[in-house]
Each structure stands twice: as structure tokens, then as C-alpha cells.
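Report on one structure; see the data block that follows.
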């Protein structure tokens, strides 16, 4: 468990789902609520906060590299105010906020949220995907959310000699170690689909990152052959 | 029970249970009376054509000698066709055999002797009810030109024009709209009649003795009153005396009020019935759609889903009991009905075959109680239809499952899972999020393997997906097993789905090529 502290602002159904899913990833999950009554909750230790807070006690427990904050207040206006208030105090803190609609999502992004989850749009997209592409949705859902054997990983290329100077689009990746390469992230962070026109004319170099999918054992074997697993630096993570 | 009655009852049962007889009767019912039947409109058009031919011949006949075959066609062929139609309508109006069986079973149940006379009386009652209906009378009068030798009967060809009312639904709508204002129209007619009656007598009294006045008889006075009250005023007859002119002033003023009253009656009748007329039209349109989704409730999530499905050219029908939400759906361009999704009658009113026309019912109210209620309603109508529902409170999940929802969408859980992936596997999350996103150029498609595709592509290696710069993620077989990155030798089977990733344009081309080549 490399992450240290997660802050969840707001206590509601969304917050409880988030807290449940964070418990394996974060050593400490600090929950804050605007409602004093929530302090009496038996299951979780909840502190109260005020939107006019100066965040002095939070500042002490924040480690910018390994901390994350979730703004899940039910009222969009309060959530935007909370986000902007946190961003004003903690420039490098990763903030993820919930928004009910697109308008609030845009405002939250302007307010400094690293990632906004628009609840209505996300739910609607899932429903329409279940209708339009039921099989693909099921398979991708299994890869992403269920305990599937299939994984997605990103691997940094360190041994380009394995590719004999070939262009990435010329390699039959599906027959290469049993994995499928989906895309390449270049050193300048530009991203291309593996069979895009750019990938057809750009040689692989050490430092490029491949986004691959396959069974865990095959990914490990592929990783040993060409480089090492690349982990995301949350400090630079942004959408 | 005597032998005759016995035979009659047996014959009635035989006819009633005869599949051939019932099939034919249903066929003619659908053809003549069922507006949902696709062949009815062709039948109606044919009859309208015959009516116009008949009228055309009548007009031509006034000043020209017509060839015999045209007169024969008009007098005999068209009349016989109309008479057959009349008989068919008489036949399908109620069932004689059913009436006999009903009476027989009723009497048997009470342990009485079967009273044929009562059954016959009942049959006579409903058949006469049809025979003396306005439409049936018009139908019969339209047949009379058959006796064209009697010159007077030729004018009955005009009754064929009235038959147009039967075949043109807008006329029927007009009649039904005006029927709602029967009392008002009656009052207006009475008022106009009294004014005409009084003014006719008055103008006759004032003008008839004046040798210069054109109004010379009571008929002239009546004609003048009608022309004046209707505000037409030809000017061929005018009162000359001062008294007569005073009567004219009164009639003109009465005429203006009659005209204004008539106009306002028409307008108010149509305004009141407008929503109903629109609804009937909407339901007609819905019944013509082959496949569609029913969205129950039109709140934020429902709206987004509807817009997203619309982009994919899926047909959507929105049903909501709240008028303002229905209007929202309409302004977004969807077919929307102000029906309660939790009521069985709402689905009955749609006149659709739920099994074949409805792809799925989406219960998208942001209220679990409403969604459970709607699900139970839909399940009570159809056990097989796919139902998807929103869940707003996790504690209600079991209730929705118990009610019969096939797929539950719980936004809180979705957010929880997204957060888990975001912090745990951000790479996987981003990659998959991009594949699912409509905005991205790189997309994932699922392509169904059909017989046609199989004619030319038996194995994975033959698909040529690499030629189109596409990645074959895997094959979904037998509805439950996913084969990731299959070998080239893997056989394709009917019902399989291949999952292909790549640029949208290439994906479309690849899909077209799969089918085109198969067609070739």
C-alpha cells in the first residue's frame, strides 16, 4: 500500500461507496462531513468541517505525493466552493470531485479538480453502452472492475534491440508473447493507437511506454523481455 | 330440445371453433375495420378511387353521351363491389353463432330450455343496429345507382361521396371533434332557425305587398333571410321599405353573431381535442415502428440515455406521468406520451406487440418506488421483455431484483468502482474509458458473426483485420465465454461476437467488407 491518506469531504451514499473502495489502496481514509450529526456514526470516524475552514489540521496530515481528496458534497455549488478552496490551499493535491451535470463538471474543472466524475453522464453512458454494445461492455467491465484474469498495464520500453528497428505498426503484437498492444505513449506524453499512421512511421525508442492487455503471466514475460512496468505518478496525473 | 335447435347449436359450435371460418372473418374484419392493419389503407384507397371514378362518370354524363361499357362499369360493377362490401360489413358486425352459443350456455347453466327466440331477438337487435346506423344507410344508398334505369336513382351516386367519410380518417376525426359540441351546435341551430323563421315572416309581411319589391313569396322571404343571416348577401333581393330595411339590420346583426358563435365553436372544439388528436396520431406512429425502447420517466439520467441512444439511431418512446417532463422530452425531439408507466392501460393503449416491437423497457425514474412499481407492471404484461432499471438506494436492490429487473444500474456503485480503478489501476481505467468514449477516434466494436459472414470467413486468420489496422481483442462465444487474442486457426461460429479495436472509419469499412464479401 504505497498511498498514504485519502480525504473524503461529504458523507452520503456516494461517500460510503468511495470509502469502501479506497480502504485497500490507502492507509488512512479521513472522512469529513458538514453535518455535525454524522460524528455519531458508529461505522466510520467522521470529523466535521466548515466550508470557510483554513484547513490547518488537514495540512499537517497531507503528503502531496501520496494523498488524494474526494469532494462528494451533494450540493454542486458547495462542492465547487470546496474544490476551489482546497486547490487554493494545496496546489499539488490530487482532487477528484463529483458533479451532477455537465455544467457543474466544467465549473469543477475550472475550480481546479484533477478529475471530475459527472454522475448523470457516467450513469447514462453505462446504460447506453449496455444497450449499444452489450458484449464489449461486459468484457471491458470484467477487465476493469471484476476479478478477471485479463489485465491492462503500461510497460516502458528499455530494450529496443528486440524489435530490430521495426516500426511498431509492422510488428504483429497479437502474436508477440500472447499480449495485445493497444497504444504507445511517447516521451513527450503524446499518445497513439498502435496502428495509427504516426505509429507506422515512428520507430520505437527506449523510454516509450506501451499500453498492453493480456493475461498477467504473459504481461510479466513481455515486461521482462522489453523493459519494466511503469507506474503512474499521481502528481502529474491530469485529464 | 328439439332436433332443429340441437342442429343449430351444434352448427354454431362447429362454426365458432372452425379455424378456417374464424381466420376468414378476422381477415375481413382487419381489412374493413382495423386501422392498424397494413392492408386496410390499400383497400380504402381502392374504394376512394372507385368513388371518384363514379362521380367523374356522373359529371361527364350530364352533357355527353358515354360509351356503354363505362355506364355498365359505373352502374353494375361498382355497385356490386359496394354491395359485397355492405354484406361483408354486415357479416363481421357481431357474431350470430356466438350469440346462439351464449344464449344456449346461459339457459343450460340455469337449467332452462334453450330459448332460440331470445337468441334470434338478440341477433336481430345488433344486426338492425348496424343496418340503421348512418354509415350503413349511406353504404346501402350508394348501391342504389345499380337501378340506373330509374333516372331519379342516379342521384344516389352522390351518396358514394358520403362513403368517403368511411375511408378518410381525417373526416372521422372532424366528425368526432364536432360531436363533442353537439349541445352548443344544437343551441346555435335553434337560434339561427328562429331568427330565419321570424325574419322570413317579417320581411314577407313588410315587402310582399310592395309591387316594386323583389320579395314576392314566402319562399323568396326565406331565401333572402338565409342569404342575409349567412352574411353572404348576393344582392339579388333587397328590401325596399323602411320597415323591411329595419328587419334587414336585425338579421345582419344576428348573422354576425351566428357566424362568430359558429367560428368560436369550431375553434374551441378543436382546441379541446387537439391533444387527443395528437395522441392518436402519436400512437399510430408508434405502432408503425418496428423496434424501439420504452423509457419510463424523463429525468436527468433518462434524458442523457435518450440522447445517447438517439445518436445511435435507436427508436425511443418516452412515457411519463408528469406533463412538464413529457414536454421536455418532446422539445428534445422524442416521441413522448403523458401516460403513467406504472399502469397496464398505458401499454395497452400503445397497440404494439411488446414481444416483437419493444427491445427493452428502461425504468429511469430517480425514485426506487416508482421503478419497482413500473417493473411489476411491465412484468405482469410480459415475462420475457428485458427490463433495465436505475437504483437510487442500495437497500432497494433486492426489491428491484424480486420485481423482475434484468439489469440494475446503481450510480453510487458505479462511482465507487470508478474511484477504485482511478486510484488502483489508472492505466487500465484510462485505456478502457477511451475505448468506450464516443468522443474518441479509437473505438471498440462488437460484430456479430452471421451465416452470411461465415460463408466467406470460417477462421479468425481469414478476417484480415490487420489489413484494416484493427486489433482483434477476442471472440465472445456461446453467450458466456470470452476467448482473448484467439489463434488464427480458431473457427468462427454463428452467434459469435468478435471484439475489434481501431479507428472508427476503419471499423466501419471492415464491417462493410465482412458483409459485402459475404453477399458477393
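Where a number appears in this text, it was derived from the coordinates with a stated rule and is not lab data. As the structure is a prediction and not an experimental result, all values here were calculated from the model. Using ideal geometry, Cβ is built from the backbone for each residue, glycine included, and neighbour counts are taken over all protein chains shown.
Points to keep in mind about this one:
- The mean count of C-beta atoms from other chains within 10 Å of the C-beta of residues in B:466-475, rounded to a whole number, is 4.
- Cα convex hull of the protein assembly as shown - mean projected area over all directions, nm²: 56.6
- Annotation: peptides B:192-199, B:166-173, ranked by per-residue average of other Cβ atoms within 10 Å with the highest first, follow the order B:192-199, B:166-173.
- Whole-number D in µm²/s for the range A:3-124 (Stokes-Einstein; Kirkwood sum over Cα pairs; 20 °C, 1.002 mPa s): 149
- Förster-model FRET efficiency, 45 Å R0, residue B:91 and residue B:253, C-beta, rounded to 0.05: 0.25
- Between residue B:281 and residue B:170, full extension at 0.36 nm per residue minus the direct alpha carbon distance yields a gain of 38.9 nm.
- Averaged over peptide A:9-22, the number of partner chain Cβ atoms lying within 10 Å of each residue's Cβ comes to 5.
- If you look at the Cα atoms of the range B:182-275, you get an Rg and a Dmax of 15.4, 58 Å.
- Mean residue ellipticity (222 nm) of chain B, computed from DSSP H runs ≥ 4 via -39,500 (n - 2.57), nearest 500: -19500 deg cm²/dmol
- C-alpha long axis of helix B:182-207 to longest principal axis of chain B, angle in °: 30
- Nearest 10 degrees, 0 to 90: helix B:368-381 Cα axis against chain B principal axis: 70
- Alpha-carbon centroid distance for the pair the range B:271-301 / the range B:356-433, whole angstrom: 24
- Angle between chain B longest axis and helix B:40-63 axis [Cα atoms, degrees, rounded to 10]: 30
- Protection proxy ranking of B:26-33, B:362-369 - average other beta-carbon atoms within 10 Å, highest first: B:362-369, B:26-33
- The range B:431-519: mean projected area of Cα convex hull, nm²: 5.5
- Available extension along the chain between residue B:240 and residue B:383 is 43.3 nm, counting 0.36 nm per residue and deducting the alpha carbon span.
- Rounded to whole Å, sorted largest first: equivalent-ellipsoid semi-axes of chain B, Cα gyration tensor: 64, 35, 28
- Per-residue Cβ neighbour counts within 10 Å put B:377, A:83 in the sequence B:377, A:83, beginning with the fewest.
- Pair-distance profile P(r), taking every C-alpha pair of the range B:291-413, with 10 angstrom steps and integer %: 14, 50, 33, 3
- Listed peptides A:99-112, B:50-63 by packing density, highest first (mean Cβ within 10 Å): A:99-112, B:50-63
- Evaluated on the range B:77-129, the Kirkwood hydrodynamic radius is 12.5 Å, with distances taken between all distinct Cα atoms.
- Exposure proxy ranking, count of Cβ atoms within 10 Å, fewest first, for A:49, B:429: A:49, B:429
- Cβ-to-Cβ counts within 10 Å put B:190, B:319 in ascending order as B:190, B:319, the fewest first.
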